[in-house]
Amino acid sequence: MQNVTPMLARKDERTPDEPRSSLPGGVFGFLSYWCALAIPFMLYGSNTLFFFLYTWPFFLALLPVSVLIGIVLSLMIRTHLFWSGIATAMVVICLFWLLFSFLSGW
């Protein structure tokens, strides 16, 4: 009769600190988007609202892009959730500022 104990003693191939889902990355992307949206209001005041009144579709299109960036970066940097959040915030803020600068004509 064969011995089955080696099969039962086999360890799981996955590491325990691997993220189970892409939810933290999506949350980081969503929060980074709202932080990036708040930066022009802090810098230029309430006049930014009139600028967003005419250009809101462009900035709204950055929302799913920001969530996808957060998911991709969190899956690329699997074990370091803090660094993936920082990288997501930096990339999303840079994209937002690039679009804002392009549309405002600077």
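The values are calculated or read from the model by the stated rules, or taken from the named source; none is laboratory data. Not measured: the values here are computed from a predicted model. Glycine gets a Cβ as well: all are built from the backbone with ideal geometry, and neighbour counts include every protein chain shown. Heavy atoms of the whole protein, side chains included, go into the accessibility calculation; ligands, DNA and RNA do not. Shrake-Rupley method; radii C 1.70, N 1.55, O 1.52, S 1.80 Å.
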Scanning the range 69-105 for residues that are part of a helix (DSSP H, G or I), farther than 15 Å from Gly26 by Cβ, free of Cβ contacts under 8 Å to residues at least 24 places away in the same chain and open to solvent by 60 Å² or more (accessible area, probe 1.4 Å) gives Phe82, Trp83, Ile86, Met90, Cys94, Leu98, Phe102
Condition met for Leu75 (among the aliphatic types (A, V, I, L, M) and at pLDDT 95 or above): no
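Give the residues of the range 47-68 that are aromatic (Phe, Trp, Tyr) and surrounded by 15 or more Cβ atoms within 10 Å (Cβ to Cβ), sorted by residue number.
Phe51, Phe52, Phe59 - these are the residues of the range 47-68 that are aromatic (Phe, Trp, Tyr) and surrounded by 15 or more Cβ atoms within 10 Å (Cβ to Cβ).
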